[in-house]
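The values are calculated or read from the model by the stated rules, or taken from the named source; none is laboratory data. All values reported here derive from a predicted model rather than from experimental measurement. Don't worry about glycine lacking a Cβ; one is built from the backbone with ideal geometry, like all the others, and counts go over all protein chains shown. These accessible areas exclude ligands, DNA and RNA; they are computed on the full protein's heavy atoms, side chains included. Shrake-Rupley method; radii C 1.70, N 1.55, O 1.52, S 1.80 Å.
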Amino acid sequence: MAAVLTPPAPSTTAGPRAVARPPWGGWRSRWPLLPLVATVLLPALPHGASGGGGGGPADVASGLAVLVCGGRLLRLRQRPLSATAALVLGLPAVGFAVATVTAADPAAALPGLVRYLQVFVLVPIAVCLLLRDAHGFRIVGGSLVLLAVVQGVTGVHQYVTGTGASYMGDDIRAVGTFGPGDIMGMATVVAYGLLAAAACALRTPRSAPAWLRPCAAVLAVALIVPLTLSFSRGVWIATAAAVLVVLALTGWRQAWASLAVLGAAGVVLVGGFGIGSDMIADRAASVTRVTSTPDRSVSDRYAMWNAAGAMWRERPAVGVGLKGFPAHRDGHASIGLSSGSDTAGAGQEFRRQALLSPHNMYLLVLSEQGLIGLTALVGSWAAILAGAVRRLWRARSRGHAALDCGLAAVALMTWQCVNFLYADIGGPTTVLSGVVLGLAAWWALGGPDRASTA
């Protein structure tokens, strides 16, 4: 009798064979992020090599990121941006163009046009388009944390060894590798990293290893030390505002617990170990005295703000033109304005640094670009911040997997908007403002849809 061949019984575990995929999608698909990572990390170079203004290594890397983005769009022939995203991100270019054309010397305003387009239009658009999902966002955010750690360690070492920038007669001010000519540089990057680490600690990705959350929390708390030793009041205020906004969006129970941890850490670091307690207390108290008994730096800032207002009243619609503030400063400033600020320490001899900006981004835009430019730029930022908060709120109610990205985007955008009340663009960290705007715009203008498939 012939044998009957019967097929084997179907296995309950049989199914399509899973294709092994690297957890980060492989560097073959992630290599376009390398210029963005380089843009974030290159400001850590010593201030002589990183460039005092435009044209430094970080700016070159940002230009490469824009070129890579353009090349990918031409090769893939994909629709680059939605109509809403194109409008929000491209709106500031209108004010820049009008201020350049209407300037008394359009040729002198051209470098300002290029710089503003780079930081506030091209780099944010490149970040939006090069980030494919939440993993890409986390790579760039992790780069911010790494930069903050490097600069923070350098700053603490400067304070401990007395090799920092001069502050009240002592070389103790933590400025990282940026030097005394850019005292806000280290504080800025440390604040970025602190907020990115705090967002990861508050809403750690579900697929993350168990050690990531405690490490992120420890880093966020540890970065408070170099941020404090920077003695930058504006950065303190902006960071506190961003942290409070993020804690409110995570839920009041977790907010109170986090505030208790931060308060305990502050008591231990400042009170227990005495880390600059007297100077820090005096510096913090001076925040409430800036209107009654302002120090010299605050008086000069008030004089520059008044000068910016006078320039705007002279040409309210279009301003005096890009890069026009230094040329019109003496004609509008009061006689009480000093010729410059004293800088020394951190390997630099004593020198006078000219005051060429009002140290307020909104007043700088108002004086140089008028109401047209201010409306376009602030309108774009307000749309990004509002969209980021709205999408974070919706993502939180739906249990979204990329809430850490949303928290980081809202925190960084809030910090940038508040800090611009006390600072403006300038120095090697300027291009990082464009990266931060791009991260926030990615989340606000389409990030959650793409992140949901990560």
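One table, with the values for the structure above:
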{"read-out": "C-alpha center-to-center spacing [segment 392-442, segment 185-244] in angstrom", "value": "13 Å"}
{"read-out": "Extension gain (nm, one decimal) between MET168 and SER334, 0.36 nm per residue minus Cα-Cα", "value": "57.2 nm"}
{"read-out": "Inter-label distance, nm, simple model (7 Å from Cα along the C-beta direction), CYS215/ARG75", "value": "3.2 nm"}
{"read-out": "Accessible area expressed per residue, segment 78-124, with surrounding protein chains retained (probe 1.4 Å, Å²)", "value": "46 Å²"}
{"read-out": "Local electrostatic count at GLY309 - Lys and Arg +1, Asp and Glu -1, tallied over other residues with Cβ under 14 Å", "value": "+2"}
{"read-out": "Rounded if a/c under 1.5, otherwise prolate or oblate - segment 366-419, Cα gyration tensor axes", "value": "prolate"}
{"read-out": "Inter-label distance for LEU371 and LEU45, nm, one decimal - labels placed 7 Å from Cα along Cα-to-Cβ", "value": "4.4 nm"}
{"read-out": "Highest-first arrangement of 68-77, 363-372, 127-136, where packing means the average Cβ count within 10 Å", "value": "363-372, 127-136, 68-77"}
{"read-out": "Mean separation of Cα contacts under 8 Å, 6 or more apart, over the residue count of segment 129-192: relative contact order %", "value": "29 percent"}
{"read-out": "Two-site label geometry, ALA107 and TRP256: point separation in nm, points 7 Å out along Cα→Cβ", "value": "6.7 nm"}
{"read-out": "Neighbourhood charge, 12 Å Cβ-Cβ cut-off, centred on GLY164 and excluding it, Lys, Arg +1 and Asp, Glu -1", "value": "-1"}
{"read-out": "Shape category assigned to segment 29-172 from the gyration tensor of Cα positions, a/c cut at 1.5", "value": "oblate"}
{"read-out": "Computed lengthening from ARG352 to ARG313, 0.36 nm per intervening residue step minus Cα-Cα distance", "value": "11.0 nm"}
{"read-out": "Span per principal axis, largest first, for the Cα atoms of segment 165-234 (Å)", "value": "49, 20, 16"}
{"read-out": "Protection proxy ranking, peptides 218-229, 80-91, 30-41, 96-107, average beta carbon neighbours within 10 Å, highest first", "value": "218-229, 30-41, 96-107, 80-91"}
{"read-out": "Cβ-based net charge around VAL410, under 13 Å, with every Lys or Arg adding one and every Asp or Glu removing one", "value": "+4"}
{"read-out": "Viscosity 1.002 mPa s, temperature 20 °C, Stokes-Einstein D of segment 112-192 from Kirkwood C-alpha radius, µm²/s", "value": "148 µm²/s"}
{"read-out": "Highest to lowest packing among 207-215, 432-440, scored as the average C-beta count within 10 Å", "value": "432-440, 207-215"}
